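The values are calculated or read from the model by the stated rules, or taken from the named source; none is laboratory data. Everything numeric in this text was worked out from a predicted model, so none of it was measured. All Cβ positions, glycine included, derive from the backbone under ideal geometry; neighbour counts span all protein chains shown. Side chains included, ligands, DNA and RNA excluded: accessible areas come from the protein's heavy atoms. Shrake-Rupley method; radii C 1.70, N 1.55, O 1.52, S 1.80 Å.
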Amino acid sequence: MENKPKKPTPSIKQNHGRHQDPVARRSNFDEVALGFGLEEAVTEAARCLNCKNKPCELACPVNVRIPEFVDLVHKEDLGAAASKIFETSLFPAICGRVCPQETYCEAACVLKDRFGPVSIGRLERFTADYARKNGLIKPPACAPDTGRKVACVGSGPTSLAVAAELRKLGHAVTVFEALHEFGGVLSYGIPTFRLPREVVRFEVDMLRKMGVRLLKNVMVGKSITIDELKKDFDVIYIGSGAGLPTPMNAPGEDLVGVYSSNEFLTRVNLMEAYKFPAVDTPYYVGKRVVVVGGGNTAMDSARCAMRLKPERVTLLYRRTRAEMPARGEEVENAMEEGIKFEFLTAPVELEGDEKGRLKRVKCVRMELGAPDASGRRRPVPQKGSEFYIEADSLVVAIGQSPNPVIQQTTAGLSVNKWGGIITEEATGKTSLDGIYAGGDVVRGGATVLLAMKDGKAAARAIHEKLSAKVN
Ligand code: FAD
């Protein structure tokens, strides 16, 4: 690249990257964030001060070697930059797109307050995409076979991290996935306009190339039990996620047109209902859609609904924007796309017509009271503030609990009152010998990086256990 900026150039303002036009993108499922070109990436990389104590790297749950890979981007050595990321994370094109960098690495960047942090997520994505498109990514080397066998239940980020780490160390790994596509929420929940399917497939395929066996359409606990798996595997890792919808428990929730976010997103993303009638997955949103919730799932549901071309999408959240758990970027994207946000608002009753179809939503305005157990101010209904919103469909996105099948079919597995598997935090060990767990099935709904972090920690502990057996 000519005129390459000399390092460091921190006072150049942060480049957030280009986005698809908000009006155009409302009617397609193509990626919204367009990413950097080479020149933008090199210029952004030049802003990094290469801090001695690496605050960004320390803030990353999987400790990606951020200053080193950013420096390699600046030197335009993108194969080496990708290899540097690969040392700690095999899924950079995924993490570069969906990790909440604003609360991890970018929050720790020393440039944050004056000029905006280095766009670490965008650089990670650029590096991974460039390396993928230019054939620069080679599966990491694996140690000779140890003869030890590990089963991973589920194929979300936590199991994928376990599989990658243990395969590198020479153990035989088999992943059992209940659905017909691998990736967990990355495939069935997060829409393609945030995370294209080919990106997930490429990174999953890397595991296959490393020799990981990936089996789909196997519901552990139904098709085969944990006790049966124990006969064939030395260790089992449970990464079955948190896909059980939390209901609102409001009257009328069983009306036609009311979906859980899980059903809605699976239908639209995994079953590709947005391609109807080219695919035969039916969906119904009607003209007026209401989405309830304030997390990433609510944003994804609202933005998917918008792309199915209703007249309007309204999002109800019972606190204010400041308390929303969704990534800031996704809230902004949703607002740009024309989703109407009703803050401090909660649905109290869903009313239907004579055919049992949703017709309108009775809502109440809230105000924020004293902080609750989560530390956030508790929403309190305002007396006499009831009002109605006309609606043909409504998506409930107020949280998910751990998938229960394995807990229900595995005697002796300790679970908490929300159905989450209880583990030793540093190792993922459960109450049963040789059985580990991590990710959302332990934490409840969390993040991709925390799921990966759990997987890496459990892989270390599992390796230790298996090595003790080998010697
Ligand atoms: P999952 O990804 O849920 O994977 C679990 C897998 O196990 C699934 O494929 C499931 O089918 C399978 N399974 C379940 N039971 C069985 C069984 N009995 N047998 C076999 N397989 C089974 N996090 C972020 O960091 N950034 C985001 O932008 C973001 N957006 C999100 C958007 C949505 C819509 C949702 C729902 C979550 C989002 N999250 C996001 C959270 C993040 O995706 C999760 O924290 C993460 O995927 C958890 O990983 P996991 O591997 O524990 O579980």
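For Cα pairs less than 8 Å apart in space and 6+ apart in sequence, what is the mean separation divided by the residue count of the chain, i.e. the relative contact order in percent?
15
At q = 0.12 Å⁻¹, what log₁₀ I(q)/I(0) does the chain have when each alpha carbon counts as one equal point scatterer in the Debye sum?
After summing over all Cα pairs, the log10 values are -1.12.
Grab the Cα-Cα distance for His180 and Lys209, subtract it from 0.36 nm times how many residues apart they are, and report the gain in nm with one decimal.
Working: separation 29, 0.36 × 29 = 10.44 nm, distance 1.93 nm.
Difference between extended and current length: 8.5 nm.
Which of the residue pairs Lys149/Lys222; Lys355/Lys383; Lys52/Lys465; Lys230/Lys429; Lys84/Lys209 have a Cα-Cα distance greater than 26 Å in the structure shown?
Working: Lys149/Lys222 21 Å; Lys355/Lys383 32 Å; Lys52/Lys465 35 Å; Lys230/Lys429 15 Å; Lys84/Lys209 19 Å.
With Cα atoms farther than 26 Å apart: Lys355/Lys383; Lys52/Lys465.
Picking from Gly356, Val313, Val212, whose Cα lies most toward the positive end of the charge dipole for the chain (charges on Cβ: Lys, Arg +1; Asp, Glu -1)?
Value computed over the given set: Val212.
For region 247-398, what does the alpha-carbon gyration tensor say about shape, rounded, prolate or oblate, given a ≥ b ≥ c as the root eigenvalues, a/c under 1.5 as rounded, and a/b over b/c as prolate? Present the calculation step by step, with values, prior to reporting the outcome.
Numbers: a/c = 2.02, a/b = 1.35, b/c = 1.50.
Judged from the Cα gyration tensor, region 247-398 comes out oblate (a/c at least 1.5, b/c at or above a/b).
Mind ranking 377-387, 113-123 by how tightly packed they are, going by the mean number of other C-beta atoms within 10 angstrom, highest first? Let's see the in-between values first.
Details: 377-387: 13.1, 113-123: 21.0.
Per-residue Cβ counts within 10 Å, averaged per peptide and sorted highest first, yield 113-123, 377-387.
Among rounded, prolate and oblate, which fits region 331-373 when a ≥ b ≥ c are the square roots of the eigenvalues of its C-alpha gyration tensor, a/c under 1.5 means rounded, and a/b larger than b/c means prolate? If you can, show how the numbers build up before the last one.
Values: a/c = 3.34, a/b = 1.29, b/c = 2.58.
Since a/c reaches 1.5 but b/c is at least a/b, the shape of region 331-373 is classed as oblate.
Report, to the nearest whole %, how much of the accessible area of the chain belongs to carbon and sulfur atoms, 1.4 Å probe, protein only.
On the way: 10390 of 20470 Å².
Percent of accessible area from carbon and sulfur atoms in the chain: 51.
Which order do Met271, Met366 take by accessible area at a 1.4 Å probe, largest first?
Per-residue accessible area, sorted high to low, gives Met271, Met366.
Which lysines, if any, have their Cα less than 16 Å from the Cα of Lys340, not counting same-chain residues under 8 positions apart?
Lys287, Lys309
Taking only the alpha carbons of region 18-133, what extent do you get along each of the three principal axes, in Å, biggest first?
Answer, in whole Å and largest first: 46, 32, 26 Å.
Which whole-angstrom value gives the distance between the alpha carbon centres of region 437-471 and region 365-423?
Computed from Cα coordinates, the inter-centre distance equals 26 Å.
What span do the alpha-carbon atoms of region 137-241 cover on each of the three principal axes, reported in whole Å from largest to smallest?
41, 35, 16
How far apart, in nm, are the 7 Å Cα→Cβ label points at Glu228 and Leu34?
Going by the 7 Å Cα→Cβ label model, 5.2 nm.
Send over a whole-number figure in Å² for the accessible area per residue of the chain, probe 1.4 Å. Spell out each step's value before the answer.
Values: 20470 Å² over 471 residues.
That works out to 43 Å² per residue.
Using r as the Cβ-Cβ distance of Lys133 and Lys52, and R0 as 30 Å, what FRET efficiency do you calculate, to the nearest 0.05? Walk me through the numbers on the way to the answer.
Values: r = 34 Å, r/R0 = 1.13.
My answer for the efficiency is 0.35.
Given the DSSP H assignment, sum -39500 (n - 2.57) over each helix run of at least 4 residues in the chain and divide by its residue total; what's the result at 222 nm in deg cm²/dmol, nearest 500? Walk me through the numbers before you get to the answer.
Working: 19 runs with 159 residues, N = 471.
Roughly -9000 deg cm²/dmol at 222 nm, from the helical runs in the chain.
How high is the relative contact order of region 95-136, given as a whole-number percent (alpha carbon pairs under 8 Å, six or more residues apart)? Intermediate results must be reported in sequence, preceding the final value.
Working: 30 pairs, mean separation 18.1, N = 42.
Relative contact order here is 43 percent.
Which percent of Cα-Cα pairs in region 347-471 sits in each 10 Å bin, short to long?
Taking every Cα pair in region 347-471, the percentages come to 11, 25, 23, 21, 14, 5, 2, 0.
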